[in-house]
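Inspection log for the structure reproduced underneath, given as structure tokens.
Bear in mind that the values in this text are calculations on the coordinates, not laboratory data. None of the values given here were measured: they were computed from a predicted structure. Cβ placement follows ideal geometry from the backbone for every residue including glycine, while neighbour counts extend to all protein chains displayed.
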Amino acid sequence: METPICQEGAFHFDPDDGIYTDHFPGYPVVPGSLVIDAFLKISGSVKRIENFRFRSFLFPGVYQYRIVCLGDYWECTLFRNEQIMVRGKLRT
């Protein structure tokens, strides 16, 4: 059995980004579209975004990620302090 290609690292959602002025005033939350975009930037060519589940609000800061290639899709996981925050698939 072939070992899946895996990438690991960290995403930094800068608390000084102007997007948090409106999303949301006094209670900054990272938009889900920014999380998915971060995964898209490192995964390459993608045909479809599937089943992204957000387990809680993400606040600006640093989050670890893992991407595992499983045949025709990438399994994406975002976590903080070993707690899974987001999980989804990017179909290639």
Amide H partners (placed H, <5 Å) of THR92, local residues excluded: LYS47, TYR73, TRP74
Ranked TYR65, TYR27, criterion: other C-beta atoms within 10 Å, fewest first: TYR27, TYR65
J(HN,Hα) series, the stretch 74-88, from Karplus relation 6.51 cos²θ - 1.76 cosθ + 1.60, nearest Hz, glycine and proline x: 9, 8, 10, 9, 10, 8, 9, 6, 6, 9, 5, 9, 9, 9, x
C-alpha long axis of helix 32-43 to longest principal axis of the chain, angle in °: 40 degrees
Sorted peptide list for 50-60, 28-38, criterion being average Cβ within 10 angstrom, highest first: 28-38, 50-60
Per-residue HN-Hα couplings for the stretch 54-62 [Karplus 6.51, -1.76, 1.60; θ = phi - 60°; Hz; x = Gly/Pro]: 9, 7, 6, 5, 9, 9, x, x, 9
Descending semi-axes in Å of the stretch 6-91, equivalent ellipsoid built from Cα gyration tensor: 23, 13, 11
Cut-off under 5 Å, modelled amide H: who pairs with PHE59 long-range: VAL30
